[in-house]
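Could you have a look at this structure, given as structure tokens, before my questions?
The values are calculated or read from the model by the stated rules, or taken from the named source; none is laboratory data. Since we're looking at a predicted model, the values are computed, not measured. Don't worry about glycine lacking a Cβ; one is built from the backbone with ideal geometry, like all the others, and counts go over all protein chains shown.
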């Protein structure tokens, strides 16, 4: 049981790190792309702000929908176990 909990903890930490990395790096890359376009067209900061804002909005939306789906799945998993007697694993006290 402890190994499973440890694996879930590490998976959760890895997912959170990946989401944070994506939340920062993707808008930064598109911001740099916008800056490059702006420097070529002489329109600074139009494309920089537009591309950064659009990508940041998308990243927030994607993170929210993924979180909502994960929470809905966890709720359904809990509802499936309501009313069942607790299971014992036959080990010592935990």
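Hey, does the range 75-84 have a residue that's over 30 Å from residue 16 (Cα atoms) and at pLDDT below 95?
yes
Surrounded by 12 or more Cβ atoms within 10 Å (Cβ to Cβ), modelled with pLDDT under 95 and within 12 Å of the chain's Cα centre (by Cα), is that true of residue 13?
It is false that residue 13 is surrounded by 12 or more Cβ atoms within 10 Å (Cβ to Cβ), modelled with pLDDT under 95 and within 12 Å of the chain's Cα centre (by Cα).
Every residue, every condition in (1) exposed (fewer than 12 other Cβ atoms within 10 Å of the Cβ); (2) closer than 30 Å to residue 2 by Cβ, yes or no:
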site: 20; (1), (2): yes, yes
site: 25; (1), (2): yes, no
site: 31; (1), (2): no, no
site: 34; (1), (2): no, no
site: 39; (1), (2): no, no
site: 66; (1), (2): no, yes
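What about residue 47, is it on the phi < 0 side of the Ramachandran plot, surrounded by 10 or more Cβ atoms within 10 Å (Cβ to Cβ) and either in contact (Cβ under 8 Å) with a residue 24 or more places away in the chain or not in a helix (DSSP H, G or I) (or both)?
No; evaluated as a whole, the condition is false for this residue.
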